[in-house]
Every structure is written in C-alpha cells, then in structure tokens.
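Trainee: This is the structure, below, for whatever I ask next.
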Amino acid sequence: QNNNHAKMHLRMHRYYSDILFEYEKYAIRQYILYIGKERCSMKKEIVRDNINYKYAIIDIRDVSCEEFLQSNDPSAVVLAILCNFENKDKQEVVNTILRKLIELSEDEMTFRSYLKKVEVFSTNRNLEDYVDKGEKMFTVDIERLPSFKRGLEQGIEETMKLSVKAFASLGY
C-alpha cells in the first residue's frame, strides 16, 4: 500500500471474507506492506458488533535496509530504498543499492529497469538527489561492464547485418 487509506480495515475485512469463502479449511493471516511517504496511520482492526477482526501492517521503513541488501534478488534490493537506513550515510546506502543492482543485472537494459523502480520509490523517502548523484557516479562504471561492451558489440553487428541486407535489397 502506497498511501494511508481511511477505510483499509474495511477493505481488508472484505478480502478476508472472500479468501475465507474459498479456503475455509486453511488458517489465514493477512498483512499489508506499507511503503508510503507519510507515516502509516491506518486502522488494523475492527472491534464492534460481535466482530473482532485484526490484520498486520508492516511499515517498510521499520525494516532494516540490510535485510534487503543481503538478497541476491534484484527486486528485493530495490525495496531497500524504502527501508530504515539505521543512521547510515544516505549516499552510501543508495550507492550500495545501485552497485548491487549492477552486479545482479544481466545487462544494461535490466539494470535500467531496476534503476527506474529505485527512482520511483526514492520519491517516497525524499532520496531523489541521492539516487541522481549515485546514478551519475555509476554511469561510467556501467560502460566498463563486459555485458555492456558485449551488448554494444552485438548491437553494432546487428546493425551491420541489417544494413547489408537493406543495401542488397536495393540492388547494391
């Protein structure tokens, strides 16, 4: 959930009923992962009219960024931008996120996809300037990656092949 929703407790109760309808034999535990810019202020229970319903809200800013930075899943590493930096230097943490994403990305296009997510999420923590600075710093490093060079070479080869075919079709 990216923002506080005044009636989230009612929505979650409705979801609980829908899930229970299909999976009555199973224990059901509901969680919201809150990633919003503002502090979480949503209700997490309904206690009234013989109803005693509760669910858990996990505010990602209460989770240590280290837990996500340790992951080898780039999607998890992206979420580190939303977590608790625990008094660490913001630029260092952002640079660690970017470095880890470079390491885990198969090619530049994949890295750019994850970087876009980091950029979007960074607005929830007012870290846009740190991401911009880190991005500028790592741009040079990306161009040195073997995968970047391979991709560039493949692109040039493909362009050459297409050019040859195009000229051949024109009778040259």
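Trainee: Using a Cα-Cα cut-off of under 29 Å, which lysines could be cross-linked to Lys43, ignoring same-chain neighbours fewer than 8 residues away?
Mentor: Result set, ordered by chain and number: Lys7, Lys25, Lys54, Lys117.
Trainee: Separate question: What distance in nm separates the simple spin-label points at Arg48 and Asp89, each placed 7 Å from Cα in the Cβ direction?
Mentor: Going from the Arg48 label point to the Asp89 one covers 5.2 nm.
Trainee: Next question, about the same structure. Count charges around Asp73 for me, please; just the other residues with Cβ under 15 Å from its Cβ, Lys/Arg as +1, Asp/Glu as -1. Intermediate results must be reported in sequence, preceding the final value.
Mentor: Values: positive: Lys100, Lys117; negative: Glu66, Glu67, Glu103, Glu106.
Neighbour charge sum, excluding Asp73 itself: -2.
Trainee: Please report the relative contact order for the stretch 25-81, taking Cα pairs under 8 Å with a sequence separation of at least 6, and give it as a percent rounded to a whole number. Don't skip to the end; give the middle numbers.
Mentor: Numbers: 49 pairs, mean separation 16.5, N = 57.
Relative contact order of the stretch 25-81: 29 percent.
Trainee: I would also like to ask the following. Which residue fluctuates most in the GNM of the chain (Cα springs below 10 Å): Asn84, Asn124, Asn50?
Mentor: Asn50
Trainee: Pick out, from His9, Ser105, Ala56, the residue whose Cα sits farthest towards the positive end of the charge dipole of the chain, with +1 on the Cβ of Lys and Arg and -1 on the Cβ of Asp and Glu.
Mentor: Working it through, the farthest residue towards the positive pole turns out to be His9.
Trainee: Taking the Cα centre of the chain as origin and charging only Cβ (+1 Lys, Arg; -1 Asp, Glu), how large is the dipole, in debye to the nearest 20? Working shown, then result.
Mentor: Numbers: 27 positive and 28 negative charges, 123 e Å.
It comes to approximately 580 debye.
Trainee: Quick one: which residues, 5 or more positions from Asp59 or on another chain, have an amide H under 5 Å from its amide H? H modelled 1.01 Å from N in the peptide plane, none for Pro or chain starts.
Mentor: The answer is Tyr34.
Trainee: Right, something else. Using only alpha carbon positions, build the gyration tensor of the stretch 1-88, then give the equivalent ellipsoid semi-axes as the square roots of 5 times its eigenvalues, largest first, whole angstrom. Mind showing how you got there, number by number?
Mentor: Details: eigenvalues 171, 55, 20 Å².
Taking √(5λ) for each Cα gyration eigenvalue gives 29, 17, 10 Å.
Trainee: Restricting to the chain, what percent of DSSP beta bridges are antiparallel, rounded to 5? Could the numbers behind the result be given before it?
Mentor: Values: 4 of 9 bridges.
Roughly 45 percent of the beta bridges in the chain run antiparallel, per DSSP.
Trainee: Continuing with the same structure: Taking the Cβ of Thr96 as the center, what net charge do the other residues with Cβ under 12 Å away carry, scoring Lys and Arg +1 and Asp and Glu -1? Walk me through the numbers before you get to the answer.
Mentor: Values: positive: Lys88, Lys90, Arg99, Lys100; negative: Glu66, Asp89, Glu92, Glu103.
So the environment of Thr96 carries a net charge of 0.
Trainee: Then there's this: Could you work out how far apart the two model spin labels at Ser75 and Arg150 are, taking each label as a point 7 Å from the Cα in the direction of the beta carbon, and quote it in nm?
Mentor: It works out to 2.4 nm between the two label points.
Trainee: Cα centroid distance between the stretch 39-64 and the stretch 73-90, in Å?
Mentor: So the two Cα centres are separated by 23 Å.
Trainee: If we count every other residue with Cβ under 11 angstrom of Arg112's Cβ, Lys/Arg +1 and Asp/Glu -1, where does the sum land?
Mentor: On the way: positive: Lys116, Lys117; negative: Asp107, Glu108, Glu119, Glu135.
Residues near Arg112 contribute -2 overall.
Trainee: Next up: Please give the length that would be gained between Glu106 and Val63 if that part of the chain were fully extended, namely 0.36 nm times their separation in residues minus their C-alpha to C-alpha distance (nm, one decimal). Display every interim value, and only then the final one.
Mentor: Details: separation 43, 0.36 × 43 = 15.48 nm, distance 2.77 nm.
Residue separation times 0.36 nm, minus the Cα-Cα distance, leaves 12.7 nm.
Trainee: Search the structure for amide H atoms under 5 Å from the amide H of Gln30, placed 1.01 Å from N in the peptide plane, and list their residues when 5 or more places away or on another chain.
Mentor: For Gln30, the qualifying residues are Ala56.
Trainee: Additional query: How much length, in nm to one decimal, is gained on full extension between Thr139 and Arg29, taken as 0.36 nm per residue of separation minus their Cα-Cα distance?
Mentor: Working: separation 110, 0.36 × 110 = 39.60 nm, distance 4.31 nm.
Going from the current span to full extension adds 35.3 nm.
Trainee: Comparing Leu79, Leu127, Leu162, which has the greatest mean-square fluctuation in the GNM of the chain with Cα pairs linked when under 10 Å apart?
Mentor: Greatest mean-square fluctuation among the candidates belongs to Leu162.
Trainee: Now for a separate question. If you compute Cα extents along the principal axes in Å for the structure shown, which of [x] 84, 44, 26; [y] 42, 41, 35; [z] 49, 37, 28 do you land on?
Mentor: [x]
Every read-out reported here was derived from the displayed coordinates using simple, explicitly stated rules and does not represent laboratory data. Computed from a predicted model, the values in this text were never measured in an experiment. Here the Cβ is made from the backbone with ideal geometry for all residues, glycine too, and neighbour counts use every protein chain on show.
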